[in-house]
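Below: one structure, written as structure tokens.
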């Protein structure tokens, strides 16, 4: 699962042609008003979706320069740092986002992933629990719960979390759902915990 970036006002498509149109749109907005913080943030999200993380970081930083209390830009900057494997910097930005707006679920979710990556599993669970309380119908949170519990060796909780993901996941995740269902079957027949236990390669590719 990817970290979550937050776009202001509009839905961002992952379609390349639509992303190209969005870049033109936000650049035109910024030509008219160079100090439009939301436009810089949104352009950063589009670049991020395009895989141009360095360009995204520049736009997020500009949004923050214009509006230092732009919580979503801090969250998005953290996600961009994470994409560059700058986990410590990512955590700092997620914390900044939450210091501005504690009601946001995305930075808690992103902190959960960052702490999982760092091996800080109890902190990861704590952040995921907060994210889940703020956005209880978010399937991705349960998927990450499952990953963390599996690493901790709690197969029962991992299976429970993956089943909740299956219940909430949108239809476009059908392939992943199928892979998880198969892995759940395998996990359920184990009567001991292998410390090296991991999901099969198909699922691991989504982590």
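Contact map, segment 52-76: residues that are more than 16 Å from residue 26 (Cβ to Cβ) paired with residues that are assigned to a loop (DSSP other than H, G, I, E, B) and modelled with pLDDT of 95 or more, Cβ distance under 7 Å, separation 6+ or inter-chain. Pairs shown: 53/84; 64/70; 71/101; 71/104; 75/104. Take the conditions closer than 21 Å to residue 105 by Cβ and modelled with pLDDT under 90 and apply them to residue 172. Does it pass? Yes: the conditions hold for residue 172. If you go through segment 116-136 one residue at a time, how many are farther than 20 Å from residue 164 by Cβ and either in contact with a helix residue (DSSP H, G or I) (Cβ under 8 Å, 6 or more places away or on another chain) or surrounded by 21 or more Cβ atoms within 10 Å (Cβ to Cβ) (or both)? Selection size over segment 116-136: 3. For segment 9-35, residues that are surrounded by fewer than 20 Cβ atoms within 10 Å (Cβ to Cβ) and modelled with pLDDT of 90 or more total 12.
The values are calculated or read from the model by the stated rules, or taken from the named source; none is laboratory data. Note that the structure is predicted; figures quoted are calculated from it, not measured. Neighbour counts run over all protein chains shown; Cβ positions are idealised from the backbone, glycine included.
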